[in-house]
Amino acid sequence: MNLKDRVEQALDSMRPFLEADGGNVVIEEITPENVVRLKLLGSCASCSMSIMTFKAGLEQAIKKAVPEVSGVEAINLTTI
């Protein structure tokens, strides 16, 4: 299984929680340095809690499942 598939698998474990609140996430790119760039969709793109969802949920899930990922960024994260 390649890196992107493994990241998708980690995101799939979080998607039911995002979808329950009307949101979702897609992988925008994975850089040569193994930085995963995500785009938050739907409610997640404009929710003031999205920074918490991103840091505590998505970033941790990806790093735990795919240790070679060097970083996780959201390209459209709402700042508080």
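The values are calculated or read from the model by the stated rules, or taken from the named source; none is laboratory data. Bear in mind that the values here come from a model prediction, so they are computed numbers and not experimental data. Here the Cβ is made from the backbone with ideal geometry for all residues, glycine too, and neighbour counts use every protein chain on show.
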Which of the residues that make up the range 1-29 are in a strand (DSSP E or B) and closer than 20 Å to Ala56 by Cα? Gly23, Asn24, Val25, Val26, Ile27, Glu28
With the structure loaded, tell me whether Val36 is of a type in the set (A, V, I, L, M, F, W, C), surrounded by 16 or more Cβ atoms within 10 Å (Cβ to Cβ), in contact (Cβ under 8 Å) with a residue 60 or more places away in the chain and under 15 Å from Ser13 (Cβ atoms) or whether it fails that test. no
Can you tell me how many residues within the range 48-58 are out of contact with any Asp or Glu (no Cβ under 9 Å at 6 or more places or on another chain), part of a helix (DSSP H, G or I) and of a type in the set (Ser, Thr, Tyr)? 1
Across the range 30-47, which residue is modelled with the lowest pLDDT among those that are assigned to a helix (DSSP H, G or I) and among the small types (Gly, Ala, Ser)? Ala45
Cβ pairs under 6 Å, 6+ apart or interchain, first in the range 39-52 and at positive phi, second part of a strand (DSSP E or B) and at pLDDT 75 or above, ordered by first then second residue, are Gly42/Gly23; Gly42/Asn24
Return the residue satisfying two criteria in turn: it lies in the range 48-74 and is farther than 17 Å from Lys4 by Cα and β-branched (Val, Ile, Thr), and of such residues it is modelled with the lowest pLDDT. Thr53
When you check Val69 against the structure, is it β-branched (Val, Ile, Thr), touching a helix residue (DSSP H, G or I) at 6+ places or on another chain (Cβ under 7 Å) and in a loop (DSSP other than H, G, I, E, B), yes or no? yes
